[in-house]
Every structure is written in C-alpha cells, then in structure tokens.
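The values are calculated or read from the model by the stated rules, or taken from the named source; none is laboratory data. Every value quoted in this text rests on a predicted model; they were computed, and no experiment measured them. Cβ coordinates were reconstructed from backbone atoms using ideal geometry, including for glycine residues, and neighbour counts include every protein chain displayed. Accessible surface is based on the protein model in full, side chains and every heavy atom, while ligands, DNA and RNA are left aside. Shrake-Rupley method; radii C 1.70, N 1.55, O 1.52, S 1.80 Å.
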Amino acid sequence: MSEEEDDIILSELDDEELVQQMFDDLYDGLKEEIEEGVNILLERGWAPYKVLTEALVGGMTIVGNDFRDGILFVPEVLLAANAMKGGMAILKPLLAETGAPRMGAMVIGTVKGDIHDIGKNLVSMMMEGAGFEVVDLGINNPVENYLEALEEHKPDILGMSALLTTTMPYMKVVIDTMVEQGIRDDYVVLVGGAPLNEEFGKAIGANAYCRDAAVAVETAKQFVARKHNQGVATV
Ligand code: B1M
C-alpha cells in the first residue's frame, strides 16, 4: 500500500468517494476497512439494504469481472469474499430486525460441487429480514441433504443456489428426485445464481428463477400467499 493510500481517512470522504474507496478496499480484500466503511454509511443514515447492494454487491461485481478476465485469481477473490462477508455480518442483524410478521419457512443450500455462498447468504439474510425462518444447509449439498432437511423442517420453500455452469444442472437432479419420491408438489422450489435464467428455471421444473435476493423475497411471499389462499379456499 502506498503512503498516499495510508493517509485515507474513510470518515472524511463524502458518500460517493467512500463507496468508490470501498470498491477498492473490497478489491484488495481489506476486511477491516470494509467493516469500517459499512459502519460509517450506516451512521450516515444509509439503509442496510442500500449499503449491501450499492457498496458491497457493487464492489463484488468489479471483482467478478476482473476474475473473469484473468486479472484476479482465486486467492485474491477469496480475500475479497472474506472482506464482503465481514461487511455482511454487520448488516445481517439489521436486515433481520424489521419486525416483519412470520411469513413461512425456507430450506436453502448451494448445490453439490459448488462452494460459492455469498449470494445464498444474502438471500438467507433478506428472507429472514422479510419474516421467513431460514434453514441454511451451506455449500456443496448432495440431493440427500436437501431431502433430509425437507423431511425434518417441512418448510414452505426449497431454495437452491449455483454459480457454476457445471453445477447448475444438479438442481434438476434434486427436483427429479423429489418428483420420483412424490413430494415435488409439497414445496415451492426457487432457484438462483449468476449463470441461471428464467428459461433454465422452467426447464428444470422449478417454480421460479430469482434474479437476486430482493426478487427471491418477493417471489417467496407471492407463492406463500397463494398457498395460504388455496388452503383457505379448500377448508
Ligand atoms: Co468463482 N466463479 N470460482 N469463486 N466466483 C464465478 C461464479 C465465475 C462466473 C467467475 C468468472 O469467471 N467470471 C466463474 C464461473 C464460470 C462458469 O461457470 N461459467 C467462477 C469460477 C470458474 C470458479 C472456480 C472454478 C475457479 C477455479 O478454481 N479455477 C472455483 C469453483 C469452486 C467451486 O465452487 N467448486 C471458484 C471459486 C471461487 C472462490 C472460492 C474464490 C469465491 C467464492 C467465495 C464464496 O462464495 N465464499 C469465488 C467468487 C467470489 C466468484 C465471483 C467473483 C463472485 C460471486 C459472488 O459472490 N457474487 C463470481 C463472478 C460473478 O458472479 N460475477 C465467480 C456476489 C453475489 C451477491 O452474487 O452469487 O450471483 P450471486 O448471488 C445473487 C444472485 O445470483 C441471486 O441472489 C444473489 C444476491 O442478489 N442468487 C439467488 C444466488 N443464489 C440464489 C439462490 C436463490 C435465489 C437467488 O434461491 C432461492
């Protein structure tokens, strides 16, 4: 780090400069600086969701592009992910603190062969904030993990995340197994992750593809409301 950079005092930057600096700090994997930046933005009255999407996800998009282009490599991206998680940990209780009424329950996990978890964690945080109880199975989940969790927790929703084109087909393995076992229609299946799209979601038999965490929350709410209305209608 140059002397000039050493001199930067985050709290003296205006909002726009601070967010730009946080992009740089995320890129450089500086967890403490990211945590400080998040706290400063919150103190300035930024909503937790705005800090999350504009400062953290915005920064991670730049990291993602340079990873794709071979400018950054796995170790650097791991550091950036670690810094991002530091910021997310501060926001998590705030996003969950909305006092939203209990909406339902969701089991979520990243599929087998895939260790990306930032997006899934973000979805979990936002779902909790919206009043869903979330059981997070973590990463690299074979079909058995999902089935056991469905059996144990009986959620309304099964969520699956995949970030690799090589792991996204595994979502179909899970859904097909649910069909074979006659339990597919007991759950709303929502899928997400950067390489997916709506067409893929339909093709594998999911109820919906969710572009981002906010869409996941809205979609989950709609499906749960529909389920409850059907329940009332059949009583
Ligand atoms: Co990896 N990686 N990575 N990586 N990584 C990608 C995905 C990649 C696109 C990078 C690139 O080349 N541009 C590329 C995949 C290419 C492809 O498949 N075509 C890639 C690769 C190749 C790899 C490795 C194979 C690299 C290697 O080893 N040579 C390897 C694979 C390891 C494995 O999984 N087996 C690997 C490893 C890693 C790290 C470990 C270094 C790290 C992960 C750390 C972690 O997650 N703890 C990492 C990272 C950080 C990325 C990028 C840079 C960022 C992903 C991320 O966290 N984004 C990523 C590039 C990119 O996506 N542009 C990349 C931020 C996050 C908020 O967004 O996850 O999309 P996202 O989640 C969003 C939505 O997608 C949606 O909501 C979220 C919030 O809005 N969503 C859901 C996600 N899941 C959902 C589930 C739902 C609903 C919505 O359920 C209801």
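What's the total number of residues in segment 94-125 that are farther than 26 Å from Thr165 by Cβ and under 15 Å from the mean Cα position of the chain (by Cα)?
2
Taking the condition acidic (Asp, Glu) and open to solvent by 70 Å² or more (accessible area, probe 1.4 Å), does Glu35 pass? Spelling it out, it is not the case that Glu35 is acidic (Asp, Glu) and open to solvent by 70 Å² or more (accessible area, probe 1.4 Å). Among the criteria (1) surrounded by fewer than 22 Cβ atoms within 10 Å (Cβ to Cβ); (2) modelled with pLDDT under 95; (3) within 11 Å of the ligand (Cβ to nearest atom); (4) not assigned by TED's automatic domain parsing to the domain that holds Leu30, the one Gly131 does not fulfil is (3). Summed over segment 4-33, residues that are more than 25 Å from the chain's Cα centre (by Cα) and of a type in the set (A, V, I, L, M, F, W, C) total 4. Across segment 181-189, a minimum of one residue is classified as open to solvent by 10 Å² or more (accessible area, probe 1.4 Å), within 10 Å of the ligand (Cβ to nearest atom) and within 28 Å of Gly99 (Cα to Cα). Restricting attention to segment 33-82, the residues that are of a type in the set (Gly, Ala, Ser), near the ligand (Cβ under 9 Å from one of its atoms) and in a helix (DSSP H, G or I) total 3.
Here the condition is being touching a strand residue (DSSP E or B) at 6+ places or on another chain (Cβ under 9 Å) and outside any loop (DSSP other than H, G, I, E, B); of Ala214, Ala220, it holds for Ala220 alone.
Count of segment 83-106 residues, restricted to those that are modelled with pLDDT of 95 or more, touching a Gly at 6+ places or on another chain (Cβ under 7 Å) and either more than 9 Å from the ligand (Cβ to nearest atom) or of a type in the set (S, T, N, Q) (or both), is 1. None of Ala89, Ala55 is open to solvent by 20 Å² or more (accessible area, probe 1.4 Å) and not assigned by TED's automatic domain parsing to the domain that holds Ala225 except Ala89. For segment 216-235, filtered to residues that are open to solvent by less than 40 Å² (accessible area, probe 1.4 Å) and at pLDDT below 95, the residue that is nearest to Ile108 (Cα to Cα) is Val217.
Of all residue pairs spaced 6 or more apart or on separate chains, those with beta-carbon atoms under 8 Å, a first member in segment 191-210 that is in the same structural domain as Tyr146 (by TED's automatic domain parsing) and free of Cβ contacts under 8 Å to residues at least 12 places away in the same chain and a second member that is among the aromatic types (Phe, Trp, Tyr) and open to solvent by 20 Å² or more (accessible area, probe 1.4 Å) are Glu198/Tyr209; Gly201/Tyr209; Lys202/Tyr209. Among residues of segment 107-122 that are in the same structural domain as Glu151 (by TED's automatic domain parsing) and of a type in the set (Asp, Glu), those with a Cβ under 6 angstrom from a residue that is more than 6 Å from the ligand (Cβ to nearest atom) and open to solvent by 20 Å² or more (accessible area, probe 1.4 Å), sequence gap 6+ or separate chain, pair up as Asp117/Ile139.
Just to be sure before I move on: is Asp25 open to solvent by less than 20 Å² (accessible area, probe 1.4 Å), charged (D, E, K, R) and over 21 Å from Gly193 (Cα atoms) in the structure I sent? In short, yes.
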